[in-house]
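Please read the structure below before turning to the comments.
The values are calculated or read from the model by the stated rules, or taken from the named source; none is laboratory data. The shown structure was predicted, so the numbers you read here are calculated from the model rather than taken from an experiment. Counting neighbours? That spans all protein chains shown, and the Cβs are built from the backbone with ideal geometry, glycine included.
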Amino acid sequence: MNLIGIAGTNGSGKDTLGEILAKNYNFLFISVTDILRDELRRRGLPLSRKYSRELSAEWRRESGLGVLIDRALEIFEKQADKYRGLAIASLRNPGEADRIHELGGKVIWLDALPKIRFERIQINREGRGAHRAADDNLTFVQFIADEKAEMHPSGDEATLNMSAVRQKSDIFIDNNSKVVESFLKTIEKSLIL
């Protein structure tokens, strides 16, 4: 199985990369954020970053740091014969990167300049639907503050620590382009699929 874990800063293009891998390379793309949102809906909780962070930490404490990767893998295994591989986004805990590596996969880290990422989120907010609008309707200062909170360890290994995920990544892609075709060329150069 070809396995790719996708990590990176907010607005860096994680979902776009997953969608490209699905469309152009026949990967099943699963966003762990969607898995978390489904559970939040089931529990009747707001679909916010705060509740997603709390739920993901709860699951990691209960079932191990790679639990979100394992849940995505369960979904994939039910239909593995239809796909060339599995792309999983958004890795936000180093245990998720470790689990991708244990399974023989690679972790890709995406990044872009903060202003570019913020503009992308604002532009794409309308097309994403109501489930993302509240989280994406931030000022630039709030956007940066959220990112700082998610990048650094809190002292609890079950919480988010995206800087540690970055350190465990295998491939690094700067996605400062505003043109998807340019991003696609960068992906094709960076990945051998």
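Tabulated results
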item	result
Top-ranked residue in segment 65-93 [being touching a Lys or Arg at 6+ places or on another chain (Cβ under 8 Å) and assigned to a loop (DSSP other than H, G, I, E, B); ranked as surrounded by the fewest Cβ atoms within 10 Å (Cβ to Cβ)]	Leu65
Residues of segment 132-162 classified as surrounded by fewer than 13 Cβ atoms within 10 Å (Cβ to Cβ), outside any loop (DSSP other than H, G, I, E, B) and among the small types (Gly, Ala, Ser), total	2
Options Lys178, Lys168: the member that is more than 20 Å from Lys115 (Cα to Cα) and of a type outside the set (Asp, Glu)	Lys168
Residue in segment 62-81 that is within 25 Å of Ala145 (Cα to Cα) and of a type in the set (S, T, N, Q) present	no
Top-ranked residue of segment 30-47 - restricted to ones that are under 15 Å from the mean Cα position of the chain (by Cα) and either of a type outside the set (Gly, Ala, Ser) or surrounded by fewer than 16 Cβ atoms within 10 Å (Cβ to Cβ) (or both), ranked as farthest from Ile69 (Cα to Cα)	Arg37
Residue within segment 27-50 that is part of a helix (DSSP H, G or I), at pLDDT 95 or above, farther than 19 Å from Ile6 by Cβ and touching a Pro at 6+ places or on another chain (Cβ under 8 Å) present	yes
